[in-house]
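The values are calculated or read from the model by the stated rules, or taken from the named source; none is laboratory data. If you're wondering where the values come from, they're calculated on a predicted model, not measured in any experiment. Note that we place each Cβ from the backbone using ideal geometry, even for glycine, and neighbour counts take in every protein chain shown. The area values use the complete protein model at the heavy-atom level, side chains included, leaving out ligands, DNA and RNA. Shrake-Rupley method; radii C 1.70, N 1.55, O 1.52, S 1.80 Å.
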Amino acid sequence: MALRKPRAVILREKDLTADEYADLALKVSKICSDAGVMCIYHTFIDTAIAHGVRQIHLPMPLLQSMSDEEKSRFDVLGVSCHSVAEAIKAQSLGATYIIAGHVFDTDCKKGLPGRGLSFLQEVVNAVDIPVYGIGGITESNLKQVLQTGAKGGCMMSGFMASDKSF
């Protein structure tokens, strides 16, 4: 298998304090920079601004509460969406990309069935910005995700398997 790397890493650590996140973010940003991978901060807007980071990913309520001045500090402004209506709203609020999910069943959302590829297709068709699928995305189903017109897929646990070399 060819050596692969992600286009970006979203540093989502919602259980940390702002100071703990800031410390971790500096370390992860350095690793990402050395590897030529974009590091996208998550949720901690003030930390991203203080670190001079121009990429952030937010839950919808945070995007809705951001001022235009805050939004102008970012070149990349991603948002997690769970419906077509949210995706349309995110685009109207200035999002530059959307992560839509969860597409397939996943342990991260145990007991909640995936919304499916048709959901992802609907989101892709509803907006004019890149859409990435999330939730149960693996190497084996990524082609199906891309066939919806999604720009890509987000993986978490798929990268954590110790018996695979990526």
Selected residue [modelled with pLDDT of 95 or more and farther than 14 Å from ILE98 by Cα] from GLN144, GLN121: GLN144
All positions within region 106-143 that are surrounded by 13 or more Cβ atoms within 10 Å (Cβ to Cβ), of a type in the set (Ser, Thr, Tyr) and assigned to a loop (DSSP other than H, G, I, E, B): THR106, THR138
Give me the pairs: first residue in region 29-51 and over 16 Å from ALA18 (Cβ atoms) and open to solvent by less than 80 Å² (accessible area, probe 1.4 Å), second residue acidic (Asp, Glu) and in a helix (DSSP H, G or I), beta-carbon distance under 6 Å, and six or more apart or on different chains, which are they? none
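One line per residue, one yes/no per condition, for (1) among the basic types (Lys, Arg); (2) under 23 Å from THR138 (Cα atoms):
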| residue | (1), (2) |
| --- | --- |
| CYS32 | no, yes |
| ALA35 | no, yes |
| HIS42 | no, yes |
| GLN55 | no, no |
| MET60 | no, no |
| GLN64 | no, no |
| TYR97 | no, yes |
| LYS109 | yes, yes |
| LEU120 | no, yes |
Search result, residues across region 24-37 that are over 14 Å from ALA48 (Cβ atoms) and not aliphatic (A, V, I, L, M): LYS27, LYS30, SER33, ASP34, GLY36
